[in-house]
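Asker: Below are the structure tokens for one structure; questions will follow.
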């Protein structure tokens with residue numbers, strides 16, 4: 001990945017750099033020291049329409065490729081990414097403000113996704129339908145799956161490579177073309193990936209990366225030639241987009257205010273360590289970061305002391321320095337938002353146990369914060385914080401805490417630290433979440449598992465095989 005591929009970037013359409021505007025531009029900055037990284041021209045309406053037309057045209061040929069050919073493209077892309085992974089790691093650290101260790105994990109996960117997608121490309125099939133009875137006597141029927149069509153993918157800033165890959169890799173495996181609109185906070189990683197796709201020989205138009213503003217994005221959203229919207233981001237935006245998407249199939253991976261429960265039988269040392277990392281790694285800018293901690297009253301004080309110690313050990317500061325866990329928030333607006341939510345909670349009687357203040361406004365650092373004596377309708381409890389803030393509360397009974405977790409309008413993932421199988425079974429049956437992680441934090445994710453939420457946390461599932469199922473349509477033949 002040569003620097004000119006990124007630092008002189010425009011939108012990537014039909015294997016060309018497209019974008020003529022010199023005034024309607026996006027300045028991308030280093031999220032820690034705020035130094036400029038690149039200036040990217042926003043695509044105008046005609047350029048967005050060019051991307052749609054090329055995605056539609058490319059689909060006609062790419063969808064006809066054999067599974068082996070699609071697999072080979074994915075493996076070539078994986079090899080290219082492996083060779084250039086250090087450059088992608090440094091780019092993610094710079095434009096996303098992601099701590100170095102976490103950025104390395106992101107690239108490794110993207111490599112894993114490409115391998116998994118290559119494997120799954122060979123498994124796209126159908127099923128024989130039982131029909132030899134009644135009116136179907138003597139007949140045979142079976143299904144075959146076909147790619148749904150060109151896909152509009154919208155990805156957020158916090159995993160600029162991995163969350164884009166959650167859409168691109170299964171689409172390429174299924175035979176779909178993709179238009180990716182990355183976050184304006186982190187467009188460079190997506191453009192670098194597009195450049196890599198060109199160099200490994202992915203046909204023109206199969207992946208287009210469009211840097212545009214919302215007005216131009218709505219052109220793609222409303223264009224019926226694009227057959228699916230795959231969106232990862234906030235609940236508010238996601239559900240608005242679904243309402244505007246018309247006849248498109250829609251998959252939404254949205255936010256949450258993830259809860260973790262610490263039962264009296266839990267290993268408190270392990271729980272404290274895992275939850276501290278789960279709440280404050282990358283300044284909590286993950287949709288499944290721990291935000292609500294509920295601890296059995298009999299072990300509350302003991303757990304709290306262990307937790308405070310673990311938080312005190314977390315390194316805060318420059319994400320490019322080894323060992324940093326808590327880096328900058330993505331933007332000053334979000335620093336001020338988090339501060340206002342904490343202050344609102346304090347004004348209404350919440351107690352600050354850790355942090356509770358801005359550390360360094362120039363570098364967008366907010367102190368890891370823990371509140372207690374909160375109320376369910378406080379923003380820091382009921383909304384998605386997406387920052388280094390968690391609340392901790394003492395609970396008397398297990399069914400009580402289950403009800404408290406379920407009061408949320410979100411339901412993405414939850415964690416339960418326990419050594420009682422009865423508690424595990426009760427939680428599985430009664431928690432309204434997409435996944436329950438036993439003796440782990442809600443932030444646990446393996447990229448092949450079905451991932452998604454209930455209630456306001458989303459619609460549909462990601463994870464390579466499950467995302468591919470969303471991107472395929474079934475046709476039946478009877479004879």
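Asker: With 10 angstrom as the radius, rank 315, 455 by how many other C-beta atoms surround their C-beta, starting from the fewest.
Answerer: Working: 315 13, 455 17.
By the 10 Å Cβ count, ascending: 315, 455.
Asker: Now, a different point. Taking the number of other C-beta atoms within 10 Å as the exposure measure, put 82, 357 in order starting with the fewest. Working shown, then result.
Answerer: Details: 82 14, 357 11.
Ascending number of Cβ neighbours within 10 Å: 357, 82.
Asker: Taking every DSSP beta bridge with both residues inside the chain, roughly what % is antiparallel (nearest 5)?
Answerer: Values: 28 of 66 bridges.
Rounded to the nearest five, the antiparallel share is 40 percent.
Asker: Turning to a different aspect of this structure: When only C-alpha pairs under 8 Å and at least 6 residues apart count, what is the relative contact order of segment 259-446, in percent?
Answerer: Working: 359 pairs, mean separation 54.2, N = 188.
That works out to 29 percent.
Asker: For residue 115 and residue 83 in one chain, what is 0.36 nm times their gap in residues minus the Cα-Cα distance, to one decimal in nm?
Answerer: The residue 115-residue 83 span can extend by a further 10.1 nm.
Asker: Scaled to the compact-protein estimate 2.2 N^0.38 Å, what is the alpha-carbon radius of gyration of segment 128-224, rounded to two decimal places? All intermediate terms of the calculation are to be shown ahead of the outcome.
Answerer: Details: Rg = 18.8 Å, N = 97, 2.2 N^0.38 = 12.5 Å.
Against the empirical 2.2 N^0.38 Å value, I get 1.51 for segment 128-224.
Asker: Sticking with this one: How would segment 51-165 be classified by its alpha-carbon gyration tensor: rounded, prolate or oblate, with rounded meaning a/c under 1.5 and the a/b versus b/c comparison settling the rest?
Answerer: In terms of gyration-tensor shape, prolate.
Asker: Next question. For q values of 0.08, 0.17, 0.19 Å⁻¹, compute log₁₀ I(q)/I(0) with the Debye formula on a Cα-only model of segment 259-446, without solvent.
Answerer: Reported log10 I(q)/I(0), two decimals: -0.23, -1.06, -1.33.
Asker: Taking 45 Å as R0, compute the FRET efficiency from the Cβ-Cβ separation of residue 64 and residue 432 and round it to 0.05.
Answerer: It comes out at approximately 0.60.
Asker: For segment 302-401, take the convex hull of the Cα atoms, compute a quarter of its surface area, and give me that in nm², please.
Answerer: 7.2 nm²
Asker: Next question. Can you give the convex hull volume of the alpha carbon atoms of segment 96-162 per residue, in Å³?
Answerer: 133 Å³
Asker: Report, to the nearest 10°, how far helix 67-83 tilts away from the longest principal axis of the Cα atoms in the chain, using its own Cα long axis and a range of 0 to 90°.
Answerer: Rounded to the nearest ten degrees, it is 50.
Asker: Per DSSP H run of at least 4 residues, take -39500 (n - 2.57); add these up for the chain, divide by its residues and hand me the 222 nm value, nearest 500 deg cm²/dmol.
Answerer: Numbers: 16 runs with 191 residues, N = 479.
Mean residue ellipticity at 222 nm (helix-derived): -12500 deg cm²/dmol.
Asker: When the label point is put 7 Å from the Cα of residue 332 along its Cα-to-beta-carbon vector, which residues of segment 352-382 have a backbone N closer than 16 Å?
Answerer: Taking a point 7 Å out along Cα→Cβ of residue 332, the residues of segment 352-382 whose backbone N falls under 16 Å are 358-366.
Asker: So, one more: Over the chain, what is the relative contact order in percent, taking alpha-carbon pairs closer than 8 angstrom and at least six residues apart?
Answerer: 18 percent
Asker: Also, quick follow-up: Could you state the angle between the C-alpha long axis of helix 300-312 and the longest principal axis of the C-alpha atoms of the chain, as a value from 0 to 90 degrees rounded to the nearest 10?
Answerer: 60 degrees
Asker: Measure nothing but the geometry: give the 0 to 90° angle between the long axis through the Cα atoms of 268-280 and the longest principal axis through the Cα atoms of the chain, rounded to 10°.
Answerer: The two axes meet at around 60 degrees.
Read-outs throughout are calculated quantities, based only on the coordinates presented, and are distinct from any laboratory measurement. None of the values given here were measured: they were computed from a predicted structure. No Cβ is skipped: glycine too gets one built from the backbone with ideal geometry, and neighbour counts run over all protein chains shown.
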